[in-house]
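See below for the structure under consideration.
The values are calculated or read from the model by the stated rules, or taken from the named source; none is laboratory data. In this text the structure is predicted, and so the values were computed from the model without any measurement. Note that each Cβ is placed from the backbone with ideal geometry, even for glycine, and that neighbours are counted across all protein chains shown. Surface accessibility is based on the protein's heavy atoms, side chains included, excluding ligands, DNA and RNA. Shrake-Rupley method; radii C 1.70, N 1.55, O 1.52, S 1.80 Å.
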Amino acid sequence: MTNNERTIITEEVYAKGRSGMPVLILTTLLYLGAIAGLVLSIIHERTALIVITGIYLGLIGWFPYLGLAVLRPNEAYVLTLFGKYYGTLKGPGFFFVNPFTSAINTAGNKEGISGAEIVVGDTKVSAGEVFASKKISLKTLTLSNDKQKINDKLGNPIEIGIVVIWRVVNTAQAMFNVDNYAEFLSIQCDSALRNIVRLYPYDVADGANLDEKSLRGSSIEIAESLQNEIQDKVGIAGLEIIEAKITSLAYAPEIAAAMLQRQQASAIVDAKQLIVEAAVGMVEAALVKLSENRVVHLDEERKAAMASNLLVVLCGNRDAQPIVNSGTLYQ
């Protein structure tokens, strides 16, 4: 492999770690013994013993402490040895590993992710606070980016925000395949959101196919497409996207008023249509009932007049104002 070729890590290696308690006890006893030996050698003026205990206390005695590590549930250490991947230490407990190894967390290299928040439990914190430690969190995390202004399929600008639930499943890929896996996820979420939103209209237009998917009416399908899109992009970083959901969806402010008027007009038309259909049915039923019960005999002209009056009363926006006719229709 040449220097220009990129190394892709695909497998996660488990680091061998033994219990840290025996090493801690033994190292502490040896260190205390060395201190006692140093004191006695000074008292008895044993130069050679003073040099040996001094070297041990200053250079060797504390060195095993560097290999001690404590992990809580759903935490891991990614260890490197002289620049090479040594392995991943997982599982809760107190461990002792090779003191020459060092733990890394590339997500902690930067102060944070611009416009991103990580939710831990019920608390929102910046990404920099979550990834400041050398430990890799294996917990299920929630990423919430800023809202984006994107044009939908019809070219209408909309503001949309999503929340992504994710976790690290391959620590080696997360550490070595990308520079900062948390920032990488945030950027890929924004990119995937733009790709998905451009494929769908905000809402189904009047007269369009009712089976057509839209951002407002097909939120479940859109969320699944968004999840798959993000997963394809962040798989190389060893991340698993558990769920992606739309949290906010609205027209951009510059067209929101116009779209609201359009929706109001459409609602008014639909309401009027329903009222007219119901009124026609009521008028028809009334005329049939009057004829069947022989309450009054109506010719075609009187039927037309009654139908007109009833439609005005039933479809009007104001209360009816009755007019008493003391004459006849044929004056």
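The table that follows gives values for the structure above.
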read-out	value
Unique residue being in contact (Cβ under 8 Å) with a residue 60 or more places away in the chain, within 13 Å of the chain's Cα centre (by Cα) and within 30 Å of Lys84 (Cβ to Cβ) when the list is Glu240, Glu183	Glu240
Residue, least open to solvent (accessible area, probe 1.4 Å), within the stretch 14-46, restricted to residues that are touching a helix residue (DSSP H, G or I) at 6+ places or on another chain (Cβ under 7 Å) and closer than 29 Å to Tyr85 by Cα	Thr27
Residue in the stretch 116-132 that is modelled with pLDDT of 90 or more and surrounded by fewer than 20 Cβ atoms within 10 Å (Cβ to Cβ) present	no
Which numbered condition Leu30 fails, given (1) within 30 Å of Ser133 (Cα to Cα); (2) in contact (Cβ under 8 Å) with a residue 24 or more places away in the chain	(1)
Pair list, Cβ < 9 Å and 6+ apart or interchain, from the stretch 82-104 residues that are at positive phi and free of Cβ contacts under 8 Å to residues at least 24 places away in the same chain to residues that are among the charged types (D, E, K, R) and surrounded by fewer than 20 Cβ atoms within 10 Å (Cβ to Cβ)	Gly91/Glu75
Residue check for Pro73: open to solvent by less than 90 Å² (accessible area, probe 1.4 Å) and in a loop (DSSP other than H, G, I, E, B)	yes
Lone unmet requirement of (1) among the aromatic types (Phe, Trp, Tyr); (2) open to solvent by less than 60 Å² (accessible area, probe 1.4 Å); (3) assigned to a helix (DSSP H, G or I) for Tyr65	(2)
